[in-house]
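Visitor: Sharing a structure below in structure tokens format, with a few things to ask.
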Number of protein chains: 2
Amino acid sequence: MSLSQLSFDIASLQAAYRNGVTVREVIAEARRRCLADTHHAHIRVLSTDELEPFVARLDGVDPASLALFGVPFAIKDNIDLAHIPTTAGCPDFAFTPVESAFVVRQLLAAGAVPVSKTNLDQFATGLNGTRSPFGACRNAINPDFISGGSSSGSGVAVALGHVSFALGTDTAGSGRVPASFNGLVGLKPTLGLLSASGVLPACRSVETPSILALTAADAQAVLGVAAAFDEADAYSRPAQPLGVDFSDGPFRFGVPREEDLEFFGNGAAAALFADAVKRLESLGGTAVTIDLSPFLEAAKLLYEGPWVAERYVAIQAFIDAHPQAVFPPVRTIIEGGRSKSAADAFAGAYRLKALRRVCDRVWDAVDCMLTPTAGTIYRIEEMEADPIRLNSHLGRYTNFVNLLDHSAVAVPAGVLASGDADGLPWGVTLGAPAHKDLALLRLADRFHRATGGTLGATTVDVESTPACTGLPGGEIGTSGTGTVRVAVCG
Amino acid sequence: MSLSQLSFDIASLQAAYRNGVTVREVIAEARRRCLADTHHAHIRVLSTDELEPFVARLDGVDPASLALFGVPFAIKDNIDLAHIPTTAGCPDFAFTPVESAFVVRQLLAAGAVPVSKTNLDQFATGLNGTRSPFGACRNAINPDFISGGSSSGSGVAVALGHVSFALGTDTAGSGRVPASFNGLVGLKPTLGLLSASGVLPACRSVETPSILALTAADAQAVLGVAAAFDEADAYSRPAQPLGVDFSDGPFRFGVPREEDLEFFGNGAAAALFADAVKRLESLGGTAVTIDLSPFLEAAKLLYEGPWVAERYVAIQAFIDAHPQAVFPPVRTIIEGGRSKSAADAFAGAYRLKALRRVCDRVWDAVDCMLTPTAGTIYRIEEMEADPIRLNSHLGRYTNFVNLLDHSAVAVPAGVLASGDADGLPWGVTLGAPAHKDLALLRLADRFHRATGGTLGATTVDVESTPACTGLPGGEIGTSGTGTVRVAVCG
């Protein structure tokens, strides 16, 4: 197989390295793919000179000694990579960090190679991918459609096979919606497992870096490296033992009541969701109907409640001084946080606390929840014509997840078979309490294989990739993978 | 012994009941004592008619079958007792609840009898006891001095022997400072162990009902009954196992650095604190010097940060409509919460989260912390002349405790032996992580006995009372005490 046809899923890369392909060749190929992009996925592809130190440090290293040896990845451009500008999608805001984000440093130490900083809805405010002065990010499968956001470029870069995986961030669904729209697995880890040090916050109290990958096995490999307690991040939490692993079944999964399901007119998506319920049943699951209304009420708090003030706090000095530098719908949303009072903030916190008490009762009845990731998808021109309302549709099933401290995995559930979006991938999300990431990934993997199909926008069949069989050591934080010194690249 | 001389510590009461004294007699005596009060401890003493149902339901009941059989208690007047007005220290705010607070219902079910609603710093905003239109509450030992607050009447009523114990509330020290100034044990339980349902909040996210008692054993008996998970209170938390019980020693206790200790010129208090350190060492403790500065920084957040907005949220409709009905210093403080922004609230939450990370490291080095409860005490006229500044002195060592989710017990540490406040009791606080309440109570009891002296303003020697030897069942929530129906009194 020629290098230009090499799949960047991690197993294929590892096989290539075993067969004598060099890191230099792979990273050059990844760079070529990124530079050829026409989807507005990338804000900045690293130069050959910038890449060289990351490549050189792997010279002579045994590929088997590092979990992510020579694996090319992309970084959402609100996460710091040392000596490369962080724009957060806003050129006037850009700064050049001297140190990489904590989570990036974990990946570098495991041998991964950063190739690009990716496009995003500015300041991670949006779920659709069009809110960027670097150009509306286009869907990897059909460029007339939105990519999803705010980790738009991260999703598209992975789906197009530019890189093996990408880091996103996820507050309201920003790591899951682009996974769904581009045929990927999107892991929204338990809050605090991945450090936020060196990540520009959107909603710091309910946000996490996220992982976009071609398969659940790849997402798990990245999680095993990326998750590490960070003393310097006050929101960092140590991994907890998984406990009961329900992923092999039998398990009980929650399904929203008929009246809580909303596909915004997309009948093909509704059909795929019905199929997904049956598929999970075929994997050993028992469907339990759940009342989604308290979850939907919690979801509303994220934008209608005080949490939008966190977005304002994050860039207060900048937006106060340069309001015109902020992309219009993003500015409207973030400036809305300025007028909220502390009384609003505490009243919102009380309301969330009460809703969480109600919502958490669901875990007495089910091991995990199944929802659409997003009910439907839109064309770029539709989204640009109605940017606030249509965006809010995309977050219906994702907005509550971090507020309620769930772990979640978005996974492909098939291809829309009719309607305007015919041929586009569509996905569901498996959610569970915090610290169930590994069980969710394994179940998502079983579901993904049972769904079948190709990875992202590639031609690689999911069934040809290795199954998600667990981390070395069994639990997050126990793998003790090798590390490589990254002194030059920070 | 005549009834008028009967000590109301729980062991003495139980002995009296075994010897044939009736509940009716004890409660009538408690009522007489309350009505004779000249300290402004009580806002409303229940009438004989109002008391009768609580007494009648105990007729024919075996005293040994109920943990708090016939035990008279008082209730801070921001906690609901069904059919009796709750004033929160503000007559214009008063309302008459139809149901008792959840925590009161637990006590009633265990046979305790509510005798009075007690005076408080209005809306539980204050640590000194003078901020009440019902009259400045006077110290039980020397009425020229402040009682401490905001649970002022609860402290004074117990210290004077009007009742066996009292419920207070504690956000900033409101349950501990009055214990210290009146020679009592003040348990500030782990947040969430005692339900806040039916309690008018001051700072809902960092507040708990508290227990004022003559001895640690009595506080423990009340805790064993009062602590119960409340599904309706979103901040309620189930009790957790105590784990290592350090109370019998050897143990390590933190002592603030010399430069962090501030007694506001009260040399007698400084001497008592030095004695307290030696006493804890004699009980098997090893003193470890700790840097109190991050704790003091956290303490400042409570009034200088956004949390004051919680006080505003709690009575927003009332204070907006009737600002002149609020006691002047209380109004100034609470209205200060109106102008805080949600951005302030989140910035404060981030700061606290970071400080908590730093402060929690202390638990790697020590099992518990020893601090003064309040550095000094003031005369009522001094406090009224400088009501904000002197009040803030009282909270130096107590304000950080709930923000950092500690459990804490205030315990007498001797009598001030010189200076203006000669002859007044003075106390220290033992603090530990959440859910260490039982260990703290046992250690506080050993300390109390080693200190010696009389209980509150009574003539009963601490050494004549039973030691604090643990709850039936060993842990909070495992005792399975009997209950009595309270249908009439709700």
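The values are calculated or read from the model by the stated rules, or taken from the named source; none is laboratory data. Not measured: the values here are computed from a predicted model. Positions of Cβ are generated from backbone atoms using ideal geometry, with glycine treated the same way; all protein chains shown enter the neighbour counts.
Visitor: Condition (residue is in contact with a Cys (Cβ under 9 Å, 6 or more places away or on another chain), surrounded by 18 or more Cβ atoms within 10 Å (Cβ to Cβ), acidic (Asp, Glu) and touching a residue at least 40 places away in the same chain (Cβ under 8 Å)) applied to region B:219-242: is it met by at least one residue?
Guide: The answer is no; no qualifying residue exists.
Visitor: Just to be sure before I move on: is B:SER210 closer than 23 Å to B:LEU403 by Cα, outside any loop (DSSP other than H, G, I, E, B), of a type in the set (Gly, Ala, Ser) and within 14 Å of another protein chain (Cβ to nearest Cβ) in the structure I sent?
Guide: For B:SER210, the condition - closer than 23 Å to B:LEU403 by Cα, outside any loop (DSSP other than H, G, I, E, B), of a type in the set (Gly, Ala, Ser) and within 14 Å of another protein chain (Cβ to nearest Cβ) - is not met.
Visitor: Could you please find all residues in region B:432-452 being out of contact with any helix residue (DSSP H, G or I) (no Cβ under 6 Å at 6 or more places or on another chain) and not in a helix (DSSP H, G or I)?
Guide: Scanning region B:432-452 gives B:ALA434, B:HIS435, B:LYS436, B:GLY452.
Visitor: Identify all residues within region A:268-306 that are at pLDDT 95 or above and within 22 Å of A:TYR350 (Cβ to Cβ); write none if there are none.
Guide: A:ASP291, A:LEU292, A:SER293, A:PRO294, A:PHE295, A:LEU296, A:GLU297, A:ALA298, A:ALA299
Visitor: Could I ask something else about it? Every residue in region B:303-319 that is within 7 Å of chain A (Cβ to nearest Cβ), of a type outside the set (Asp, Glu) and either in a helix (DSSP H, G or I) or closer than 18 Å to B:SER174 by Cα (or both), please.
Guide: B:ALA309, B:TYR312, B:VAL313, B:GLN316, listed by residue number.
Visitor: If only one of A:SER392, A:SER479, A:SER418, A:SER407 is part of a helix (DSSP H, G or I) and among the hydroxyl-bearing types (Ser, Thr, Tyr), which one is it?
Guide: Step by step, each of A:SER392, A:SER479, A:SER418, A:SER407 is checked, and only A:SER392 is part of a helix (DSSP H, G or I) and among the hydroxyl-bearing types (Ser, Thr, Tyr).
Visitor: So, of the residues in region B:18-34 that are in contact with a Ser or Thr (Cβ under 9 Å, 6 or more places away or on another chain) and without any contact (Cβ under 8 Å) to a residue 60 or more places away in the chain, which turns out to be farthest from B:ALA157 (Cα to Cα)?
Guide: Out of the qualifying residues, it is B:ALA28.
Visitor: How many of the residues making up region A:320-364 are under 29 Å from A:HIS406 (Cβ atoms) and either assigned to a helix (DSSP H, G or I) or touching a helix residue (DSSP H, G or I) at 6+ places or on another chain (Cβ under 8 Å) (or both)?
Guide: 31
Visitor: Could I ask something else about it? What residue, among those in region A:365-389 that are hydrophobic (A, V, I, L, M, F, W, C) and outside any helix (DSSP H, G or I), is farthest from the other protein chains (Cβ to nearest Cβ)?
Guide: Result: A:ILE377.
Visitor: A further question on this structure: Among residues belonging to region A:246-255 that are surrounded by 14 or more Cβ atoms within 10 Å (Cβ to Cβ) and at pLDDT 95 or above, point out the one that is nearest to the other protein chains (Cβ to nearest Cβ).
Guide: The selected residue is A:GLY254.
Visitor: Looking for something surrounded by fewer than 19 Cβ atoms within 10 Å (Cβ to Cβ) and among the small types (Gly, Ala, Ser) - is there at least one such residue anywhere in region B:102-116?
Guide: No, there is no match, as no residue in region B:102-116 is surrounded by fewer than 19 Cβ atoms within 10 Å (Cβ to Cβ) and among the small types (Gly, Ala, Ser).
Visitor: Taking the criterion of being in contact with a strand residue (DSSP E or B) (Cβ under 9 Å, 6 or more places away or on another chain), crowded, with 20+ Cβ neighbours inside 10 Å and under 20 Å from A:TRP363 (Cα atoms), would at least one residue in region A:272-281 satisfy it?
Guide: Yes, there is a match, as at least one residue in region A:272-281 is in contact with a strand residue (DSSP E or B) (Cβ under 9 Å, 6 or more places away or on another chain), crowded, with 20+ Cβ neighbours inside 10 Å and under 20 Å from A:TRP363 (Cα atoms).
Visitor: Moving on. Looking at (1) assigned to a loop (DSSP other than H, G, I, E, B); (2) over 15 Å from the mean Cα position of the chain (by Cα), find the lone condition where B:SER195 falls short.
Guide: (2)
Visitor: Identify the single condition in (1) buried (at least 17 other Cβ atoms within 10 Å of the Cβ); (2) without any contact (Cβ under 8 Å) to a residue 24 or more places away in the chain that B:GLU258 does not satisfy, given that it satisfies every other one.
Guide: The number of the failed condition is (1).
Visitor: Here's another thing I want to ask about it. Here are some residues: B:PHE295, B:PHE273, B:PHE264, B:PHE253. Which one is in contact (Cβ under 8 Å) with a residue 40 or more places away in the chain and over 30 Å from B:ARG379 (Cα atoms)?
Guide: B:PHE253
Visitor: Considering every residue within region B:143-165, establish whether at least one is under 27 Å from A:LEU352 (Cα atoms), in contact (Cβ under 8 Å) with a residue 24 or more places away in the chain, in contact with an Asp or Glu (Cβ under 9 Å, 6 or more places away or on another chain) and in a loop (DSSP other than H, G, I, E, B).
Guide: No, because not a single residue in region B:143-165 is under 27 Å from A:LEU352 (Cα atoms), in contact (Cβ under 8 Å) with a residue 24 or more places away in the chain, in contact with an Asp or Glu (Cβ under 9 Å, 6 or more places away or on another chain) and in a loop (DSSP other than H, G, I, E, B).
Visitor: Quick check, is B:ARG351 at negative phi, touching a Leu at 6+ places or on another chain (Cβ under 7 Å) and within 14 Å of chain A (Cβ to nearest Cβ)?
Guide: In short, yes.
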